[in-house]
Structure formats: C-alpha cells, structure tokens
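Peer 1: Pasting in a structure now, in structure tokens, and then I'll have a few things to ask.
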Ligand code: HEC
C-alpha cells in the first residue's frame, strides 16, 4: 500500500466509525448547531433509555402523581376528597404536572417517535397542554379545574395509544385509571 492509500483507508474507517457510533439503533443525528441550544447539538442528547422505561417510569409515574391527588369518593359515610390537604401536597401535585409537561418533549427526541406521522407530535403537544393546565390549576389549588385537567391528560394518553401502541389494538390500556371510580363532584 502506498502512503496515500493508507491515509485514504484510515479516513474511510474513521468516517464509518463516526456514522455507526453511539445511537444504539436510533436515528443518526447530525452534530449541527441548533439556534438557541448553545454549544449543545442534537447529537448531544442522551436518548439510550428505552422507550418503555420512559413511558412507565417517567410519563406514567408522573401522571399518577397528578391523578392520585384528585377526585372525590362518595360512600355511605359521605364525600371524601382525594385532593391534597397540605401546602406540600399541592406542591407535589404541581411538580408531577410540571414533570409530565417537560417529559412530553422527551417523546419527540431523536429516535423516540414511533412514526413520522405528524399525529405523534400533536399527541405529545396534547399531553403538554393538559399537563400545563394541571400545573397551573394545582398552583391555584382550584380543585375542579385540576380534576378536569387530569381528565385531559388521560385523553392525551389514550389518543396516542389508540393510534400508535401496537399492544392496545385500538383500545385504551387496561391499567390506566378507571375514571368511573371517580364520582363527579357535588354542584358547587
Ligand atoms: C405520543 C404518544 C404517546 C403518548 C402521548 C403517551 N403514550 Fe404511553 N405509550 C405509547 C406507545 C407507542 C406505547 C407502546 C410502546 C411499546 O409497546 O413498545 C406506550 C406504552 C405505555 C406504557 C407501557 C405499557 C406496557 O405494556 O408496559 C404505559 C404504562 C404508558 N404508555 C402510559 C402512558 C400514560 C399514562 C400516558 C399519558 C400520561 C401516555 N402513556 C402517553 C405512546 C404514547
């Protein structure tokens, strides 16, 4: 091999290594600067957490942080509220809602969307909007509006699952909250 052939072979090997690097099977993202992202490029985003782990441990976990903090149960002893009764409880509910809103962006990170269909983005935005509504209403401690926002969060989950979750076969997932458990509030 001549010196220039060796140089060419080396350059090719380096280029191939660069193409097949850390993406773990996800989309290969160009390391171009993005307006507003400072020194970070899209290639700097760490997306090796499995999609199902994001769903179970980030999205689902924080959705329950909202849902567990709302609703009414009516039984023979009367009406029991599930809403927080302390300032710290409201802050926890608000924080779960904030986390859920931020996490909805994680559904659109490189390699995460299950489809190039724009609907994926729209469902992620639907989740963001509902979670922000839950955050704002938890901050105001407006029980009815916070409860309604919880319903909107649920609808965003189900809308995306109906369209994109292969396991659900077009049906809402069994273990999402059973809304019938939650009795409507008394007129107030
Ligand atoms: C933008 C689309 C989208 C949104 C919004 C979404 N999901 Fe998912 N979710 C999926 C897909 C797709 C799967 C199936 C992934 C798979 O099976 O590989 C899934 C799976 C799950 C799973 C795992 C089920 C299992 O079999 O382990 C849970 C739990 C879950 N989602 C909860 C939620 C909750 C709760 C919300 C709303 C707060 C939500 N998801 C919103 C797309 C979405």
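The values are calculated or read from the model by the stated rules, or taken from the named source; none is laboratory data. None of these values were measured; they are calculated from a predicted model. Glycine gets a Cβ as well: all are built from the backbone with ideal geometry, and neighbour counts include every protein chain shown.
Peer 1: What number of residues within the stretch 48-63 are outside any helix (DSSP H, G or I) and touching a helix residue (DSSP H, G or I) at 6+ places or on another chain (Cβ under 6 Å)?
Peer 2: Result for the stretch 48-63: 0.
Peer 1: Give 103, 69, 97, 149 a once-over and let me know the one that is touching a residue at least 40 places away in the same chain (Cβ under 8 Å), under 20 Å from residue 49 (Cβ atoms) and more than 8 Å from the ligand (Cβ to nearest atom).
Peer 2: 103
Peer 1: Here is a follow-up. For the structure I just gave you, tell me whether residue 42 is surrounded by 10 or more Cβ atoms within 10 Å (Cβ to Cβ) and modelled with pLDDT of 90 or more.
Peer 2: The answer is yes for residue 42.
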